[in-house]
Number of protein chains: 2
Amino acid sequence: MKAAILHAPGRVSADEVPDPAIHLPTDAIVRVTASCICGSDLWPYRGQRAHSGRIGHEFIGVVEDVGSSVAAVRTGDVVIAPFMFSCGNCPNCRAGWTTSCLFGGDYGGPDRDGYLVDGGQGEFVRVPLADGTLVTARVPEDDERIAALLTLSDVMGTGHHAAVSAGVREGGTVVVVGDGAVGLCAVLASVRLGADRIIVLSTHRDRAQVALTFGATDVVAARGDEAVVAVSELTGGSGADCACECVGVTASWDTALRVVRPGGTVGFVGVPNGVPGGLPVRVLFDGNIGVRGGMAPTRRYLPELLDDVLEGVLDPSPIFTTSIPLTQIAEGYAAMDNRTEIKVLVRP
Amino acid sequence: MKAAILHAPGRVSADEVPDPAIHLPTDAIVRVTASCICGSDLWPYRGQRAHSGRIGHEFIGVVEDVGSSVAAVRTGDVVIAPFMFSCGNCPNCRAGWTTSCLFGGDYGGPDRDGYLVDGGQGEFVRVPLADGTLVTARVPEDDERIAALLTLSDVMGTGHHAAVSAGVREGGTVVVVGDGAVGLCAVLASVRLGADRIIVLSTHRDRAQVALTFGATDVVAARGDEAVVAVSELTGGSGADCACECVGVTASWDTALRVVRPGGTVGFVGVPNGVPGGLPVRVLFDGNIGVRGGMAPTRRYLPELLDDVLEGVLDPSPIFTTSIPLTQIAEGYAAMDNRTEIKVLVRP
């Protein structure tokens with residue numbers, strides 16, 4: 001089969017690799033029908049995090065084969081794969097923290113038994129712990145909502161986690177810091193959770209437009225001090241109830257901590273690749289600012305978000321601004337890296 | 001009158017100072033009947049924070065005089081003063097964040113009009129914004145519960161804030177990091193909030209004994225790695241639901257973040273005087289560890305905790321291991337500094 005390989009920073013291609021096979025009775029083989037490129041894939045692509053080899057962790061596809069103990073999915077099922085695999089039965093999974101599964105792991109590297117787990121950007125993936133991991137999409141493989149359903153693998157679940165962690169509530173005011181695909185999904189999630197006022201910080205006109213389409217009530221086309229002043233004015237001087245930090249660098253954290261009112265909360269999902277100074281405890285202390293978030297347990301959120309997509313009340317698919325074949329994966333990464341596209345869908 | 005003066009690090013005495021007078025119509029003059037020394041008073045005493053002059057911010061007393069607009073308290077009332085004064089009417093006060101009052105401030109320095117606000121360790125205190133600040137204790141001034149009621153000024157409200165911020169719940173497991181007066185009050189608060197398992201880290205036998213009396217179920221006489229391993233064993237390997245961080249230095253934070261399970265919460269009230277590296281975002285991210293806390297809004301908590309003290313179901317008074325007259329204030333500071341006493345009550 002063909003699969004994306006990150007050879008070195010800036011160098012990715014779709015190469016011929018061995019077809020996956022069932023290694024463990026809990027495995028499933030999924031034929032990928034759609035995958036995509038994540039903002040976090042750009043860290044190793046840019047050389048900011050060490051990783052090479054198979055890549056990609058968001059995909060939807062059709063079950064081609066299952067191990068002898070798999071019971072929850074069957075050959076032919078269209079399934080959504082959360083961005084990490086998880087058992088569903090350990091104490092952490094049972095408590096809903098599936099990204100802290102005691103037996104789970106990442107796509108694109110070895111599992112705990114040492115067998116390679118394929119990356120999501122490829123034609124097929126061996127999915128470990130299939131019963132705990134995969135969620136049947138209840139649609140045919142050529143359904144027109146496939147792009148929307150694919151977002152439940154990571155980006156929409158992650159935006160939802162930002163909003164849930166921030167404590168977005170009916171009637172509340174939230175500031176979304178970050179206008180990438182995750183930030184835009186945090187807007188959708190905030191609408192869904194009933195926020196009255198959704199202020200998105202965006203200096204990119206195309207992304208701001210998507211945010212408004214998704215239900216943002218205000219766009220602040222500024223960063224840093226200027227953004228903090230603008231949010232203060234928009235909230236009558238009091239600050240927002242909460243903020244969604246969807247970037248993960250010191251500057252965005254600084255902004256998020258400053259736009260919330262005393263007692264407010266910052267929900268965060270930006271992969272912290274650039275906060276070397278840590279979080280300023282004194283700022284949290286003085287303003288009673290709460291901080292909560294992390295790796296989104298998208299497996300936990302998948303059923304409720306899936307219901308909403310299938311009922312037609314949730315459609316994150318506009319975050320995909322282009323679709324490419326797997327053979328053009330290099331162009332896809334370049335477009336995400338240059339910010340000429342918000343998010344790239346990949347068809348094997 | 002006499003009041004405590006911190007002349008320089010390590011040098012405190014009760015000196016003659018001018019009697020306070022009403023300056024503003026919202027002022028009250030309180031004759032202090034009992035005050036105490038706070039762990040946070042030790043920072044300037046040790047030269048770890050810049051402050052000199054009047055000191056002390058926890059007191060109970062009798063209203064001697066009120067300004068023309070004061071309506072909620074009257075001359076002769078026995079009142080409890082929260083450790084900061086607050087208006088009760090600004091958006092932050094109305095939202096319950098009285099320590100972020102837009103018009104409030106600290107004892108021992110000038111108010112926003114430039115008039116000195118006396119320190120709590122003295123014979124009299126001019127209390128600004130008396131209506132928003134003071135809470136009537138509904139007992140005579142010689143009531144035997146005065147010591148218990150005095151704790152509602154700061155230390156018990158602060159321990160309660162740690163537990164509330166940590167999300168201590170009916171049936172949950174909490175680790176209390178810090179066996180000072182605040183940590184011990186966090187134990188009481190956790191009992192009150194229904195925790196099933198309260199593990200306190202204490203290497204001081206006398207403090208551990210108070211913790212057990214207050215309802216701690218387990219004492220771990222260790223710190224750092226050893227404490228983390230012990231908590232893991234006590235919780236069947238899964239970690240605690242939450243932790244109360246009642247110290248405020250890097251080592252205690254590190255422990256608090258490591259004893260909670262994925263998705264757990266650290267409630268913190270330790271004044272962050274020694275966390276120069278900031279909080280490690282990656283640790284929060286990987287484990288979905290929430291962090292919430294800060295300057296306790298004790299004014300908000302006072303009515304409910306007062307009810308419990310008056311009903312006889314809450315008695316934090318054992319944290320006071322000695323009582324001294326104001327003239328011996330230097331000995332009181334030395335005893336707290338040497339940890340020969342847990343907390344020192346001061347009688348003017």
Rg ratio (alpha-carbon, reference 2.2 N^0.38 Å) - region A:272-345: 1.64
Along the Cα→Cβ direction, 7 angstrom out, place labels at A:Glu170 and A:Asp337. What is the inter-label distance in nm? 4.8
Non-local amide H neighbours of B:Val117 (under 5 Å, H modeled in plane, Pro and chain starts lacking H): which ones? B:Gly108, B:Gly109, B:Asp111
P(r) of the protein assembly as shown in 10 Å steps, Cα pairs, percent per bin? 3, 15, 22, 22, 16, 11, 7, 3, 0
Placing each pseudo-label 7 Å from Cα in the direction of the beta carbon, B:Thr213 and B:Leu42 end up separated by a distance in nanometres of 1.9
A:Asp307 to A:Ala50: FRET efficiency via 1/(1 + (r/R0)^6), r the Cβ-Cβ distance, R0 35 Å, to the nearest 0.05? 0.35
Report Rg/Rh for chain A, rounded to two decimals, where Rg is the Cα radius of gyration and Rh the Kirkwood radius. 0.97
Note the full-extension length gain between A:Val229 and A:Arg112 as 0.36 nm times their separation in residues minus their Cα-Cα distance, in nm to one decimal. 37.2 nm
Take the alpha carbon atoms of region A:185-256, find their center, do the same for region B:175-230, and report the distance between the two centers in whole angstrom. 41
Using per-residue counts of other Cβ atoms within 10 Å, averaged over each peptide, order B:318-328, B:109-119 from highest down. B:318-328, B:109-119
Are there GluC sites (Glu not before Pro) in region B:95-191 that DSSP marks as loop and that have at most 14 other Cβ atoms within 10 Å, and which are they? B:Glu144, B:Glu170
Rounded to the nearest whole number, the per residue volume of the convex hull around the C-alpha atoms of region A:178-235 in Å³ is 65
Which shape class applies to region A:148-222: rounded if a/c is under 1.5, otherwise prolate when a/b exceeds b/c and oblate if not, where a ≥ b ≥ c are the square roots of the Cα gyration tensor eigenvalues? oblate
Can you name the chain B residue with its Cβ nearest the rotation axis from B to A, and give the distance in Å as a whole number? B:Gly278, 1
Region A:207-348: relative contact order as a whole-number percent, Cα under 8 Å and 6+ apart: 16
What's the ranking of A:88-94, A:288-294 by average number of surrounding C-beta atoms within 10 Å, highest first? A:288-294, A:88-94
To the nearest 20 debye, what is the magnitude of the charge dipole of the protein assembly as shown about its Cα centre, counting +1 on the Cβ of each Lys and Arg and -1 on the Cβ of each Asp and Glu? 720
Placing each pseudo-label 7 Å from Cα in the direction of the beta carbon, B:Val283 and B:Arg347 end up separated by a distance in nanometres of 4.5
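If contacts are Cα pairs under 8 angstrom and at least 6 residues apart, what is the relative contact order of chain A in percent?
Across chain A, relative contact order equals 18 percent.
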Label point 7 Å beyond Cα along the C-beta direction, distances from A:Gly312 to other copies (nm, shortest first): 6.6
Between A:Thr265 and residues 5 or more places away or on another chain, the pairs with built amide H atoms under 5 Å apart involve A:Cys242, A:Ala243, A:Gly290
Using +1 at the Cβ of each Lys and Arg and -1 at the Cβ of each Asp and Glu in the protein assembly as shown, identify which of B:Ala50, A:Cys87, B:Thr133 lies farthest towards the dipole's positive end. B:Ala50
Can you bin region A:156-293 into rounded, prolate or oblate? Criterion: square roots of the alpha carbon gyration tensor eigenvalues sorted a ≥ b ≥ c, rounded for a/c under 1.5, prolate for a/b above b/c, oblate for the rest. rounded
What three numbers, in Å, describe the spread of the alpha carbons of region B:208-268 along their principal axes, ordered from the longest? 30, 27, 19
Relative to the compact globular guide of 2.2 N^0.38 Å, what is the alpha carbon radius of gyration of region A:11-117, as a ratio? 1.12
Based solely on its DSSP helices, what 222 nm [θ] is calculated for chain B when runs of n ≥ 4 H residues each add -39,500 (n - 2.57) and the sum is averaged over all residues, nearest 500 deg cm²/dmol? -8000 deg cm²/dmol
Using Cα pairs closer than 8 Å and at least 6 residues apart in sequence, work out the relative contact order for region B:129-257, in percent. 25
How high is the FRET efficiency between A:Val139 and A:Ala221 when r is their beta carbon distance and R₀ equals 41 Å, given to the nearest 0.05? 0.60
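Every read-out reported here was derived from the displayed coordinates using simple, explicitly stated rules and does not represent laboratory data. Remember, it's a predicted structure, so these values are computed and weren't measured experimentally. Glycine also receives a Cβ, built like all others from the backbone with ideal geometry; neighbour counts cover every protein chain displayed.
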